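Structure first, commentary second.
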Amino acid sequence: MVPAAPSVGCVYARRTSTVTNGSAVSRSILVGNITRTYWLYVPSREDFNASRPLPLVLNFHGWKSDGQWQMTNTNGNAIANESGFIHVYPDGMDDNPTPDGTGWRSWNAGGSSLSPGPAGPICDGDHSGDGLCYSSCARRAGGCDALGCDWTSCVDDLGFVEMLLDHLEETLCVDRNRVYATGFSNGAMLVYTLGMSLSRRFAAIAPVEGGIHPGFLVQPAVPVSLLDIHGTQDLTLPINGTDGM
C-alpha cells in the first residue's frame, strides 16, 4: 500500500483551520487578476481532524453548468462522507455574453479553444452563428475562430487547477499521493488534459462522457491510472474520438 504523503496543510491547518465538517462552502482564489471560485466539502466523519491526511477529489462540471450543480446532482458529498475524502467542485469561467446574461461556464481543455488544431477544425460545419465566442477568446490576437469552432472560454484553466491544488494542499490536510480528478462532458475533457499535463499531481483520473479533440492527445510525463466512463451512443462527444459538434 502506498504510504500517505501529508501536505504542508497538515501542520498549518491544525492551528488555523476554519473548515466545518459536513458543510459545503463556496470559496475563491485569485489567479492572476481573475477571481476563481469553487465549492469545498470536508466529510462529516467523526474521526476526521486537521492533522490526518485525507484523499482529495476534484469534480468538474459540464458545459453551461457550475460547481454547485455538480455537487448537488452527483450526490458527491454523501459519497465523500461514506469514503472519507475531501470533495472540491471548481467553477469554470462564464465570460460568454449570452442573451439571458447568465454566461455559460466552461473549461478550456482538450483543444476546445484552439481551432483549427493539428487535425484541422475541431467542429463539423459552420457554427459562426451559434454565439460561442467567449470574451477571453475575442481578446486574443486573431480573435475567435471564423467557423465558430472555439466553443469554450480561453482562460488558463490548467494554471487555475494547478494553483487550486497548491492552495488546497496548503490550507487543508491532504494526502498528496491520493489526489484524483473526475468530471462530466466538458469537465471530463479538462480531466483528460490534467492527466496529460499535470500527471505528477494525480494518482488517477475518471472522466465521464468526455474526450480530447483529435490532434491534441499527448503522452503524460508519468503514468496515470484511468477509468473512462462513456456511452457508445453519445453523439456529442463520441467514444471513437471523432467530432460530434
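Here are the numbers:
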read-out	value
Residue under evaluation D175, criteria (1) assigned to a helix (DSSP H, G or I); (2) within 18 Å of L40 (Cα to Cα), criterion not met	(1)
Some residue of the stretch 195-213 being in a loop (DSSP other than H, G, I, E, B), over 30 Å from S51 (Cβ atoms) and of a type in the set (A, V, I, L, M, F, W, C)	yes
Hey, G92 more than 14 Å from A181 (Cα to Cα), crowded, with 18+ Cβ neighbours inside 10 Å, within 14 Å of the chain's Cα centre (by Cα) and not basic (K, R) or not	yes
Matching residues, the stretch 197-241, being over 19 Å from W107 (Cα atoms), polar (S, T, N, Q) and either at pLDDT below 95 or in contact with a His (Cβ under 6 Å, 6 or more places away or on another chain) (or both)	Q219, T232, Q233, N240
First in the stretch 1-21 and farther than 17 Å from P43 by Cα and β-branched (V, I, T), second anywhere and in a loop (DSSP other than H, G, I, E, B) and at pLDDT below 80, Cβ under 9 Å, 6 or more apart	V11/S51; T16/A50
Test: residue in the stretch 217-235 that is of a type in the set (D, E, K, R) and exposed (fewer than 11 other Cβ atoms within 10 Å of the Cβ)	no
All positions within the stretch 75-93 that are without any contact (Cβ under 8 Å) to a residue 40 or more places away in the chain and either touching a Lys or Arg at 6+ places or on another chain (Cβ under 6 Å) or β-branched (V, I, T) (or both)	I79
Out of S113, S128, sole residue that is without any contact (Cβ under 8 Å) to a residue 60 or more places away in the chain, assigned to a loop (DSSP other than H, G, I, E, B), closer than 24 Å to P238 by Cβ and in contact with a Leu (Cβ under 9 Å, 6 or more places away or on another chain)	S128
Residues that are on the phi > 0 side of the Ramachandran plot and either open to solvent by less than 40 Å² (accessible area, probe 1.4 Å) or of a type in the set (S, T, Y) (or both), drawn from the stretch 184-210	S185
P121 open to solvent by 60 Å² or more (accessible area, probe 1.4 Å) and either within 17 Å of T236 (Cα to Cα) or of a type outside the set (D, E) (or both)	yes
In the stretch 28-53, residue farthest from V8 (Cα to Cα) [restricted to those that are open to solvent by less than 10 Å² (accessible area, probe 1.4 Å) and modelled with pLDDT under 95]	P43
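The values are calculated or read from the model by the stated rules, or taken from the named source; none is laboratory data. What you see is a predicted model, and the numbers here were worked out from it, not measured in a lab. Using ideal geometry, Cβ is built from the backbone for each residue, glycine included, and neighbour counts are taken over all protein chains shown. These accessible areas exclude ligands, DNA and RNA; they are computed on the full protein's heavy atoms, side chains included. Shrake-Rupley method; radii C 1.70, N 1.55, O 1.52, S 1.80 Å.
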